[in-house]
Structure formats: C-alpha cells, structure tokens
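The values are calculated or read from the model by the stated rules, or taken from the named source; none is laboratory data. Remember, it's a predicted structure, so these values are computed and weren't measured experimentally. Here the Cβ positions follow ideal geometry from the backbone for every residue, glycine too, while neighbour counts run over all protein chains shown.
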Amino acid sequence: MPLSNPTDTSYGPGGQFRPTSGYGTRTDPFQSSRVEYHPGQDYAAPAGTLISAAATGTVVYSGYNAGGYGNTVVIKSTGGDGSTFYTLYAHQNGNSMPALDSWVGRGEVIGEVGNTGRSTGAHLHFEVLNANATISHASG
Ligand SMILES: [Zn+2]
C-alpha cells in the first residue's frame, strides 16, 4: 500500500474533529458483509468546518476526484530526511480549496469538511502517501 507511515498520528486537525475510522482493515461502510482496507484516518466534523494543512508544501491536486475521494486537496511536502511525501484531504464541500501549484504552510486552511465522493457523512479523510503513491484508491 502507498503509505509512508500508516501509524502517523501527528496531525491535529482541531477540536471539532473526532477520530473515527483509522488505517487498516474495516467493515465496508457501504456493504457490511465486506471487509476493505482503509488507507487513511477519518475525522468526523460538522460540514463546513475548516481543514488545516498537516504539513507545509505545494498543492499538487485541488479538485473533484471521481474515484471516491470527492473534492480533494493533495499537498506535496519534504520530510526531515529529505524524502517527498504527500498529505491528502478528501470528501470536502468544495469551498476554500487552494489553487493548484500554490504554496501552503502547516496549519493554513486548505478546505472545508463535506460529504462528497464515497462518504456516508460529513467527515475529513486524511491520508499520508509516499513519493511512489498513485492517488486512485477509492475511500470512505
Ligand atoms: Zn476515510
């Protein structure tokens, strides 16, 4: 799986966000008889809650992803060891999303919580990916 650090919990999106589904296998929220791999961390929050960037970097994706993520922002960053990694923020309502190629700082607003894509309620899907990742995995 394209995860650089599946157990990363350093992202603190704010007090209105409540961690729900984490990384790993879980029951498919759309089909209870099925088990799926969940490639990120979900945070329930009211629709419209501002989402802040987990890391400083360049916006490499800002738009609607038909594969399941809905309105999504992806930021490309450089880690302390010089390696490239990406943070992904999915299911947004489409407001306050930064322009492609813009530079954002850690903590800067990069969108608002929504319920777009493969999502069963307003929440943020947060994901950390390494440099070789392809952003195509449908998620809840
Ligand atoms: Zn998710």
- Query: Would you pick out the residues in segment 86-102 that are touching a residue at least 40 places away in the same chain (Cβ under 8 Å) and surrounded by 21 or more Cβ atoms within 10 Å (Cβ to Cβ)?
  - Reply: Tyr86, Thr87, Leu88, Ala90, Gln92
- Message: If a residue counts only when it is modelled with pLDDT of 90 or more and either under 18 Å from Ala131 (Cα atoms) or within 13 Å of the ligand (Cβ to nearest atom) (or both), which strands (runs of 3 or more DSSP E) contained entirely in segment 1-107 have at least 3 such residues?
- Response: 41-44, 57-65, 70-78, 84-92
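Of these, Tyr11, Tyr61, Tyr69, which one is closer than 14 Å to His123 by Cα, surrounded by 14 or more Cβ atoms within 10 Å (Cβ to Cβ) and out of contact with any Leu (no Cβ under 7 Å at 6 or more places or on another chain)?
One residue alone meets the criteria, Tyr69.
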- Query: Of all residues in segment 115-140 being within 12 Å of the chain's Cα centre (by Cα) and away from the ligand (no atom under 13 Å from the Cβ), which is modelled with the lowest pLDDT?
  - Reply: Ile135
- Just checking, how many residues over segment 103-117 are at negative phi and surrounded by 13 or more Cβ atoms within 10 Å (Cβ to Cβ)? 10
